[in-house]
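Quick notes on the structure that follows.
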């Protein structure tokens, strides 16, 4: 494969990888202040022992529960959660969790600093790889071993 064709393919791959990374991003879990309403979106709920026991019969018992808050109805959170019944076909179920059964709620938020570091590193890596594939060294273009601007190819 010619170096320019390889560079073009690499550029397309890097653009695709950047698009995938852009949609996934770097996220962090941030605690929701105690007593504050739990906003719609992706959350991790740390359940009270009583709440964990109440949900045990639904197949979602455990100290934590990950899902997406769809809405709040009074003192009840309506969550969309992934149920893993079969490994090849997970399903999304709706689960109702009383706010009183939640000890700590965390919401998923984009970590801007971490995301900037990842994108900066990916961009620098892409530049190095493309330069390596295309033979671009950033020098002034004389034969190897000669200082720039002293080439014998004319001038």
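Read-outs: derived from the displayed coordinates by stated rules, not from any lab. For clarity, every value in this text was computed on a predicted model and none was experimentally measured. No Cβ is skipped: glycine too gets one built from the backbone with ideal geometry, and neighbour counts run over all protein chains shown.
Express the relative contact order of segment 27-110 as a whole percentage, based on alpha carbon pairs under 8 Å and six or more residues apart in sequence.
For segment 27-110, the relative contact order is 41 percent.
So if I take the alpha carbon set of segment 27-110, get Rg, then get Rh from the Kirkwood formula, what is the Rg over Rh ratio?
Radius of gyration relative to Kirkwood radius: 0.95.
With a point put 7 Å past each Cα toward its Cβ, work out how far residue 58 is from residue 71 in nm, to one decimal.
Here the modelled spin labels are 1.6 nm apart.
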